[in-house]
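Participant: Quick one: this structure, given as structure tokens, is what I'll be asking you about.
Any read-out appearing in this document is the output of simple, stated calculations on the displayed coordinates, not a laboratory observation. On a predicted model such as this, the values are computed, not experimentally measured, just so you know. All Cβ positions, even for glycine, are placed from backbone atoms using ideal geometry, and neighbour counts span all protein chains on display.
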Amino acid sequence: MADVTVTEHLLLHQKQTPQATGQFTGLLYDLILSGKTISRRINKAGLLDILGGTGEVNVQGENVQKLDEIANRIMIYRMERCGALCAMSSEEEAELIRVSPEFPRGDYILIFDPLDGSSNIDVNINVGTIFSILRRPEGCTGEVALEEVLQPGRNQVAAGYILYGPSTMLVFSTGQGVHGFTLDPGVGEFLLSHPNMRIPEQGGIYSVNEGYRNNWDAPTREAVDWFHNCETQDGKFYSSRYVGALVADFHRTLIYGGIYMYPPYVNKPNGKLRLMCEASPLAFLAEQAGGKASDGKRRILDLQPERLHARTPLFIGSVKDVEAVEKVYARHKTA
Ligand code: P6P
């Protein structure tokens, strides 16, 4: 495959929408630069004193890892200056970040999780950056109001992630399919390696943290029992895989098919994952790749966020596997 860069791919294959004033390409360029910068820090983490926790707890109530904070600062610094944004929201920041008038601003809104799965960092297992791009509603001017940001996932103009693993990959969609790029550290460019990614209609892997079984709601227990006994299309049992980093578990699901589940808990009816910076962007990718994403009852992309850090249960992956869970929820609803 000839070396196709992200910029070339956007110019060649992404229908240039009338409002594509190059702002978006610039936004993506700075997102990519942020990813390369974070990747370099992660790859050297074991050699620098940047492993472990900062001793702080974030708005999510989670221990902040040093690399969480480093990735967060890199994203905010770089993206504030990209010239395409009017506002940002980070999983690590309690409040909306309005881009300062000292920087050139634009009509896009960036929602991101700077480093997802950061509990894996100290044991050298995949982590990732997830991003979601919305457009400021038409006619809005002046200071960005929170209501302008609280949009359902179906409004996303683009979404994607950067996965820091054996190789660093950028996977994103602008609404015309899902495309994967692998970083060639030698030249410092992401090159097209996975054009037009598609999720198989049914997979053979289910992914859930079975350690919390006693906390699950009844439909989730019944659905997972089903995956313990159902067969793949070639008559095999399903395998269980759980990396503990949503980006890695989703990336595997995107390529191999199957389902990733973060269900509701008896004491956490909305589960753990964040709607705007985790579930929505991955749901956008899943649907663009021919898959499905649901909270068990409703399409993730139709959920209206009530606040920046709203949480949602998430069942995402192959259409047939997600539908199997939805059928269980539907049965419990009518029971
Ligand atoms: P648990 C990481 O903290 C994260 O948000 C996702 O990346 C990951 O899939 C999930 O939480 C793991 O959560 O409760 O299974 O440890």
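Participant: Scan around ARG136 for amide H atoms under 5 Å from its own, H built in the peptide plane at 1.01 Å from N, and keep only partners 5 or more places away or cross-chain.
Facilitator: TYR108, ILE109
Participant: Kindly express, to the nearest 10 degrees and within the range 0 to 90, the angle between helix 246-256's C-alpha long axis and the longest C-alpha principal axis of the chain.
Facilitator: It is inclined by approximately 70 degrees.
Participant: Go through LYS44/LYS268; LYS272/LYS292; LYS66/LYS272; LYS236/LYS268 and tell me which ones have a Cα-Cα distance over 29 Å in this structure. It would help to have the intermediate numbers written out before the result.
Facilitator: Working: LYS44/LYS268 36 Å; LYS272/LYS292 19 Å; LYS66/LYS272 21 Å; LYS236/LYS268 34 Å.
Over 29 Å apart, Cα to Cα: LYS44/LYS268; LYS236/LYS268.
Participant: With the cut-off at 1.5 for a/c, could you classify segment 6-194 from its C-alpha gyration tensor as rounded, prolate or oblate?
Facilitator: Details: a/c = 1.97, a/b = 1.21, b/c = 1.63.
Oblate, because a/c is 1.5 or more while a/b does not exceed b/c.
Participant: Helix-only estimate, please: 222 nm mean residue ellipticity of the chain, summing -39500 (n - 2.57) across DSSP H runs of length 4 or more and dividing by its residues, to the nearest 500.
Facilitator: Numbers: 8 runs with 96 residues, N = 335.
Helix-only estimate at 222 nm: -9000 deg cm²/dmol.
Participant: Continuing with this model, one more query. Using a cut-off of 12 Å between beta-carbons, work out the net charge of the residues near ARG221 (Lys and Arg +1, Asp and Glu -1, ARG221 not included).
Facilitator: On the way: positive: ARG213; negative: GLU210, ASP217, GLU222, ASP225.
That works out to -3.
Participant: Please give, to one decimal in nm, the separation of the simple spin-label points placed at THR334 and ASN229, each 7 Å out from Cα toward the Cβ.
Facilitator: With each label point 7 Å from Cα toward Cβ, the separation is 2.0 nm.
Participant: Can you give the local net charge around GLY52? Use residues other than it whose beta-carbon is closer than 13 angstrom to its beta-carbon, Lys and Arg +1, Asp and Glu -1.
Facilitator: On the way: positive: LYS66; negative: ASP49, GLU56, ASP68, GLU69, ASP122.
Charge balance near GLY52 sits at -4.
Participant: Shifting gears a bit: Taking 0.36 nm per residue of separation and subtracting the Cα-Cα distance, what length does fully extending TYR242 through TYR29 add? Could the numbers behind the result be given before it?
Facilitator: Numbers: separation 213, 0.36 × 213 = 76.68 nm, distance 3.16 nm.
Between TYR242 and TYR29, full extension yields 73.5 nm more.
Participant: Hey, rough spin-label estimate for ASN209 and LYS297, points 7 angstrom out along Cα→Cβ, what's it come to in nanometres?
Facilitator: 2.4 nm
Participant: Relative to the longest principal axis of the chain, what angle (0 to 90°, nearest 10) does the C-alpha long axis of helix 218-229 take?
Facilitator: Once rounded, one gets 80 degrees.
Participant: For the chain, find the longest principal axis of its Cα atoms and tell me its angle to the long axis of helix 23-43, 0 to 90°, nearest 10.
Facilitator: 70 degrees
Participant: Would you kindly state how much longer the chain becomes between ALA310 and GLU138 on full extension, computed as 0.36 nm times their sequence separation minus their alpha carbon distance, in nm to one decimal?
Facilitator: Numbers: separation 172, 0.36 × 172 = 61.92 nm, distance 2.42 nm.
59.5 nm is the gain from fully extending ALA310 to GLU138.
Participant: Using a basic spin-label model with each label point 7 Å from the Cα along Cα→Cβ, how many nm lie between ARG154 and SER119?
Facilitator: The two pseudo-label positions are separated by 3.4 nm.
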